[in-house]
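Report on one structure; see the data block that follows.
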Amino acid sequence: MGGKKRICDEGEGVWLGSSGVGVGVVLIMMILVVQCSTSIGSVSAAAAQVPAMFIFGDSLIDVGNNNYLSSFAKSNYYPYGCDFRAGPTGRFSNGRTVVDMLGNLLGLPYVPPFADPNTKGTKILGGVNYASAAAGILDETGQHFGQRYSLSQQVLNFESTLDQLRPMMSGANMTKYLAKSIAVLEFGSNDYINNYLLPSLYSSSYIYTPPAFANLLLNRYTQQILALHSVGLRKFVLAGIGPLGCIPNQRALAQPGRCVDYVNQILGSFNEGLRSLANQLNTNHPGAIFVYANTYAAFGDMLNNPALYGFSVIDRGCCGIGRNRGQITCLPYSVPCANRNQYIFWDAYHPTEAANAVLAWRAFNGPPSDCYPINVQQIALI
């Protein structure tokens with residue numbers, strides 16, 4: 001099956017696959033499932049599989065919160081958003097994020113950023129995005145970038161959203177609304193890239209061995225997950241960390257053609273621990289579901305089998321400066337690569353929209369090796 005296939009969403013399209021390579025079954029299914037519509041926010045509420053999605057995380061899924069903070073970690077300038085209908089919005093990609101696409105698959109309109117003053121009233125009924133670039137599980141992570149909403153602050157921000165929601169519905173309806181909604185949490189990358197692996201700025205690598213640091217992160221993470229559970233959320237997607245040693249920023253430090261193996265190896269303790277945590281939480285909290293999304297394996301599959309997904313460039317960013325286009329990330333008005341959908345990485349740290357599409361689909365419809373014990377589509381049916 002030759003040629004390129006287009007995945008459309010809310011008036012936008014991303015091309016996956018390329019001439020001369022086979023298109024995998026996964027991509028064919030993606031093409032069939034994701035439908036085109038005509039405008040932002042046009043998804044019918046009647047089509048929504050869940051009432052709302054509440055999103056917590058970092059720059060991988062930030063949709064504009066850092067625009068409103070005093071931070072160096074911003075992407076509200078061209079060429080970020082060059083393939084996004086609304087242009088540069090604060091998304092750290094050329095187009096949509098994983099959660100944008102997950103929301104579309106669930107029948108939800110784009111989930112707005114918490115910090116936007118317009119995110120109020122009925123606009124919050126479909127969910128709110130609290131993710132903040134440079135944020136980590138630890139409060140100090142990413143502090144050299146300036147302001148950011150850490151995990152603990154994002155939980156507090158969610159509680160302020162609850163204060164706005166309570167007058168809109170009865171107590172019984174509120175309980176059902178929260179129980180049916182999905183919480184997506186994606187944390188940990190910055191705790192390594194912008195903390196543990198920066199010994200010149202942070203002391204964590206002198207204090208903790210890699211397993212001990214992973215344990216610290218998981219303990220802090222558990223506290224906040226349980227805080228969200230205590231206020232009524234019952235469906236959780238906990239995303240693991242991808243192979244950070246293979247991002248352009250890290251490849252720029254390695255031998256040509258190599259990932260930084262040490263970085264990938266130390267992530268094992270965190271990812272394995274997060275999967276075990278999901279099991280433990282499911283055992284201890286009947287009536288709730290905690291799902292581990294295996295980002296490391298899904299991303300690794302794209303890196304190991306790029307042609308299956310139509311990718312031809314796996315070791316450098318589409319936009320950036322220096323070795324692997326990863327030493328300095330995408331600067332304002334830089335000229336990005338033209339063939340963006342053949343690149344896995346958009347800049348020194350973040351995936352392209354095309355790569356995000358693969359990750360979203362695998363989380364939504366993948367087998368237990370992608371999303372354990374069940375996938376997002378199955379969560380929505382509970």
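Comparison of Ala239, Ala212 shows that the only residue that is aliphatic (A, V, I, L, M), more than 20 Å from Val99 (Cβ to Cβ) and open to solvent by 10 Å² or more (accessible area, probe 1.4 Å) is Ala212.
Out of Leu197, Leu228, I need the residue that is buried (at least 18 other Cβ atoms within 10 Å of the Cβ) and under 20 Å from Gln265 (Cα atoms). Which one? Write out each step before concluding.
Numbers: Leu228 fails: under 20 Å from Gln265 (Cα atoms).
Selected residue: Leu197, the only one of Leu197, Leu228 that is buried (at least 18 other Cβ atoms within 10 Å of the Cβ) and under 20 Å from Gln265 (Cα atoms).
Residues of segment 276-305 being farther than 25 Å from Leu178 by Cβ and in contact (Cβ under 8 Å) with a residue 24 or more places away in the chain, which ones? Can you show your working first?
Within segment 276-305, the subset farther than 25 Å from Leu178 by Cβ is 276, 294-305.
Correct list: Asn294, Thr295, Tyr296, Ala297, Ala298, Phe299, Gly300, Met302, Leu303.
With respect to the conditions (1) assigned to a helix (DSSP H, G or I); (2) among the aromatic types (Phe, Trp, Tyr); (3) under 21 Å from Ile55 (Cβ atoms), Phe236 lacks only one, and its number is (1). Scanning segment 110-126 for residues that are farther than 15 Å from Ser59 by Cα, in contact with a Ser or Thr (Cβ under 7 Å, 6 or more places away or on another chain) and part of a loop (DSSP other than H, G, I, E, B) yields a total of 0.
Just one of (1) over 21 Å from Leu60 (Cα atoms); (2) touching a Lys or Arg at 6+ places or on another chain (Cβ under 7 Å); (3) surrounded by 15 or more Cβ atoms within 10 Å (Cβ to Cβ) fails for Gly287. It is (3).
Within segment 139-158, track down each residue that is open to solvent by 40 Å² or more (accessible area, probe 1.4 Å) and either over 17 Å from Arg220 (Cα atoms) or not hydrophobic (A, V, I, L, M, F, W, C) (or both).
Going residue by residue through segment 139-158, those that are open to solvent by 40 Å² or more (accessible area, probe 1.4 Å) are 139-140, 143-145, 147-148, 153, 156.
Listed by number, the residues that qualify are Asp139, Glu140, Gln143, His144, Phe145, Gln147, Arg148, Gln153.
Yes or no: segment 329-342 includes at least one residue that is touching a helix residue (DSSP H, G or I) at 6+ places or on another chain (Cβ under 7 Å) and open to solvent by less than 10 Å² (accessible area, probe 1.4 Å). No: segment 329-342 contains no residue that is touching a helix residue (DSSP H, G or I) at 6+ places or on another chain (Cβ under 7 Å) and open to solvent by less than 10 Å² (accessible area, probe 1.4 Å). Going by the conditions given, is Gln147 out of contact with any Lys or Arg (no Cβ under 9 Å at 6 or more places or on another chain), polar (S, T, N, Q), within 18 Å of Leu226 (Cα to Cα) and in contact (Cβ under 8 Å) with a residue 12 or more places away in the chain? Judged against the criteria, Gln147 is not a match. When the residues of segment 239-263 are filtered to those that are among the aliphatic types (A, V, I, L, M) and not in a helix (DSSP H, G or I), the one that is farthest from Asn190 (Cα to Cα) is Ala254.
The values are calculated or read from the model by the stated rules, or taken from the named source; none is laboratory data. All values reported here derive from a predicted model rather than from experimental measurement. Heads up, the Cβs are rebuilt from the backbone with ideal geometry, glycines too, and the neighbour counts pull from every protein chain shown. We work out accessible area using only protein heavy atoms, side chains counted, and drop any ligands, DNA or RNA first. Shrake-Rupley method; radii C 1.70, N 1.55, O 1.52, S 1.80 Å.
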